[in-house]
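Before any comments, here is the structure.
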Amino acid sequence: DLYEQGKIKAIGVCNFTVTHLENLLSFARIKPVVNQVEFHPRLQQVELRSFCDKHQIQLEAWAPLMQGGLLEDETILKIATKYGKSNSQVILRWDVQNGVITIPKSVRRERMMQNADIFDFTLTDEEMAIIDAMNLEQRVGPNPDEYDFAL
């Protein structure tokens, strides 16, 4: 109702899986424009990304750096060294090249500046494939299909 009254411009959801989205789309009058989910090289949500692309729902990453778990990764480091970038910059660039909105969390100004400095290089198809091969479906947050909402 608020959307139809023009009081809000967009509707988004968070942690929706394909099953959740299919259920929502079966009755919703207004389709969400964004789905914010855990997304990083170790959890690439391939099926969900495909579904969202098909339904024109923008994917947005939370924990794009795996809550710091990828900041020392050797595979990423090799690519980062080539460009004179940090691991976080390579991962965030990978997100952008995948069409995923990414907003990394940081409270330090220098990290915020560094995280924004990702538009002066482009990962090659081979580098994208190397990072794509890191997928393990490994979460740092709860699985939305297993979360106990009764807590």
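I'd like to know if the range 53-69 contains one or more residues that are open to solvent by 60 Å² or more (accessible area, probe 1.4 Å), under 11 Å from the mean Cα position of the chain (by Cα) and free of Cβ contacts under 8 Å to residues at least 60 places away in the same chain. Yes. Restricting 38, 22 to those that are charged (D, E, K, R) and open to solvent by 30 Å² or more (accessible area, probe 1.4 Å) reduces the list to 22. Picking from residues in the range 72-106 that are of a type in the set (Gly, Ala, Ser) and in contact (Cβ under 8 Å) with a residue 24 or more places away in the chain, the one that is least open to solvent (accessible area, probe 1.4 Å) is 88.
Screening residue 130 against (1) surrounded by 11 or more Cβ atoms within 10 Å (Cβ to Cβ); (2) at pLDDT 95 or above; (3) more than 19 Å from the chain's Cα centre (by Cα); (4) not polar (S, T, N, Q) leaves a single unmet condition, (3).
The values are calculated or read from the model by the stated rules, or taken from the named source; none is laboratory data. Predicted model only: the values in this text are computed from it and were never measured. So basically every Cβ, Gly included, is an ideal-geometry build from the backbone, and we count neighbours across all protein chains shown. We work out accessible area using only protein heavy atoms, side chains counted, and drop any ligands, DNA or RNA first. Shrake-Rupley method; radii C 1.70, N 1.55, O 1.52, S 1.80 Å.
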